[in-house]
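In what follows, a structure is listed as structure tokens, so that the remarks can point back to it.
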Amino acid sequence: MPPGTTARAPWALLAALGACLFYASAAEGTTALVPRGWLQLALAVVALGAAAGWLYGRGLSVTASRSGWIGLGLLTGFAVWAAASIAWSVAPDRSWAEANTVLAYALATFGGIVLGSSLDRAPERAGLMIAGAMVPIALYALAGKVLPAVDIAGLSFNHTADFARLRAPLGYWNALALACVAGLLPLLRCAADPWRRPRVRLPALVGVFLFALVLGMTYSRGGLLALMVGVVVLLALSTERVRTLVLALSAAIATVPPLAIALGRSDLTGDGVPLGARVDDGLVLLVVTVVTAALLAVWGRAVIALEHSATFTPARGRAVGRPIVLGAAGIVALAAGLFAVTGGAARAFDDFTDVREAASITDPNRLLSRNSGNRWVWWREAAGAFSDRPVAGWGAGSFPVTHRLYRKRALDVQQPHSVALQWLAEDGLVGFVLAAGALGALLAAGLARVRAQPWALAGAPGERGAAAALLAVATAWIAQSFLEWSWDIPGVTVPMFVALGVLAARPRTGAARPVATRGPALTAAAAAAVLFALSVALPALSARATNAALADTAALEVSPEELADAAARAEFAARLNPLAAEPLLDAATIAARRGRDDEARAYLLDAVRRQPFNARAWSRLGTVEFERRDSDGVRRALAKTLELDPASRQAVAFAAQAALGAAPPGESASATGAPLPTEIVVAP
């Protein structure tokens, strides 16, 4: 099938990937296990369909550079390593979920490779697909400020009721900021593309304004860093630097009036402000935003008209643009030098590491703060975990457990807010090399495509800029990953891998041929997809059953029949996921509520056997033993709790409570024939 074809298969693949990207962001970033499972199943179906289309010659091809295949292979190897870490992980259920997540990222990359191999002008269309998936995300986020009282078909825009800082629908402000960056960069390139008509470029410019405005309302310093890095990469690799810079600055200036209102009015920046107080200021913000967007469109039309005038030539544009770029670079370099010479770097480091001066997470002034927001503490905890197990790590996804061993403050966290340190702490050097190598190889493949592809000869002179925009999306993600936990947010990570997959592909030069062994190959692919679906479904169904069991017992008054049903759900959840302790903890809670203390103790004993490093399970077990006045059981559970989480306030309170009670030695667990585990045994 020759280039330029309008075959349906590549377009169907583009639409399917776009739907996956939208769902990944709209479902709170798919950070929860159940929605993440749905996304992973969708990616598996898309990848299987792409493989079938390729094997049977249905308009799809699979061609990539050597670096692209190496990157995909290393990413798949990282998924295998994460799965293998279950054997020694201190959180085996999390390691299982992490292996599924990494494999889903590999499937997204494969989908991008097929798309880039099969669709004409794939970088341009993939970039617009990413932007198109993020536009409704940004509009919904902005609606929380400008239309909080609106409710459409049960969809409420009042998601700023508790926190004024924008975070919906991804559930995390820094993730929303990165999603805005992922949508902004391709649209910025589209707006600056001289080969496009004004009726396309002007809406793209307004889209850049929308993303920049929402980004500003997230108060995300990491998002601003990602944007700056992405724009710099786009300018460095694109051929239309002057247009890109002018339009980027125009959109940035246009955000000043609405941001001045959004960040300056107390009703729009305060948390917990009544809905009635926010409606009027929201309408003012809406009017200013619409008027500013219209003025930006008028300005953009004038800029485009100037580009097409007889007085504008590419040579003159370069003559004007180069001094501007060099002057800006000189100013930045001079400011950095003065900052370092005057001791600003040392003061900034002190501010960054000072955990006592952390700014409020919902205060707009945090944009000017140099404090790390406790990141320095979490980074030290991750470094401590890596230093103790540098080769294999503590197990994929295990940081929520291991950080308790190293923390000095009772501050709970799920990730160290640094993807690189997370890989080192959880997966060791082996996992870090696989993950970083995968990203490095895919980036190298993308850079090679941007630089080496003869775009003009291929009949698409604007495609180099489109490819540069996709590479800028990936580098923006990497820039923010040093400060955030983006790896565990598929809503912002899947777009990055799709972009890298498109760049790693090599466009086909002829008709796609059916593969001779298509029957056995498709059968093997289908079998692998079924196994992956089972691996995804079991922990997701377990989590769903656990949540249902808790929901059934949430009320103060629950009938015995409802308690029995909830107990059955918790037991079913424990069987579905034999690595998880959470269903057993919930089953113990339900058993205690039913007055079955021995049954509750049995569930807790099973939980600590499944996860010997689970401090919460040991603490719960100690409480049960205290109520039984089993001094031996209390001492052992207390010792394990303090060993696994010495900074926990609950552990200290438990120790004080346990000191008040004791039981004769003949009533201890060891004397009654049901002793507690005495050692934590984990494979090296």
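The values are calculated or read from the model by the stated rules, or taken from the named source; none is laboratory data. Worth saying up front: this structure is predicted, and the values here are computed from it rather than measured. Neighbour counts run over all protein chains shown; Cβ positions are idealised from the backbone, glycine included. Areas reflect the complete protein model, heavy atoms only, side chains present, ligands, DNA and RNA absent. Shrake-Rupley method; radii C 1.70, N 1.55, O 1.52, S 1.80 Å.
What to note about this one:
- On the basis of the beta-carbon distance and an R0 of 30 Å, Ala15 and Gln414 show a calculated FRET efficiency of 0.35.
- Anisotropy class assigned to the range 362-466 is oblate, per the alpha carbon gyration tensor with a/c at or over the 1.5 cut-off and a/b no larger than b/c.
- Approximating the spin labels as points 7 Å out from Cα along Cα→Cβ, the Asp267-to-Glu599 distance works out to 5.5 nm.
- Extension gain for Thr523 to Met228 (0.36 nm times residue separation, less C-alpha to C-alpha distance): 101.6 nm.
- If R0 is taken as 35 Å, the Cβ-Cβ distance between Leu367 and Val34 corresponds to a FRET efficiency of 0.55.
- Leu295-Val279 pseudo-label distance in nm [points 7 Å out on the Cα-to-Cβ vector]: 2.8
- Extending 7 Å from the Cα toward the beta-carbon at both Ala153 and Asp606 defines two label points whose distance is 4.3 nm.
- Taking all protein chains together, Arg375, Arg609 sort by accessible area into Arg609, Arg375, largest first [probe 1.4 Å].
- Fraction of the pair-distance distribution of the range 31-189 above 24 Å, Cα-Cα pairs, percent: 51
- Accessible area per residue, Å², the range 12-143 with all protein chains present, probe 1.4 Å: 31
- Computed E for Ala548/Phe163 - FRET, C-beta separation, R0 41 angstrom, nearest 0.05: 0.90
- One quarter of the surface of the convex hull around the alpha-carbon atoms of the range 529-570 equals 2.9 nm², the direction-averaged projected area.
- Accessible area per residue for the range 491-602, computed on protein heavy atoms with a 1.4 Å probe, is 46 Å².
- Rg/Rh for the range 557-603 stands at 0.97; both radii use Cα atoms, and Rh follows the Kirkwood definition.
- Mean projected area (nm²) of the alpha-carbon convex hull when the range 131-269 is viewed from all directions: 8.6
- Rg to Rh quotient for the range 566-654, alpha carbon positions, Kirkwood Rh: 0.97
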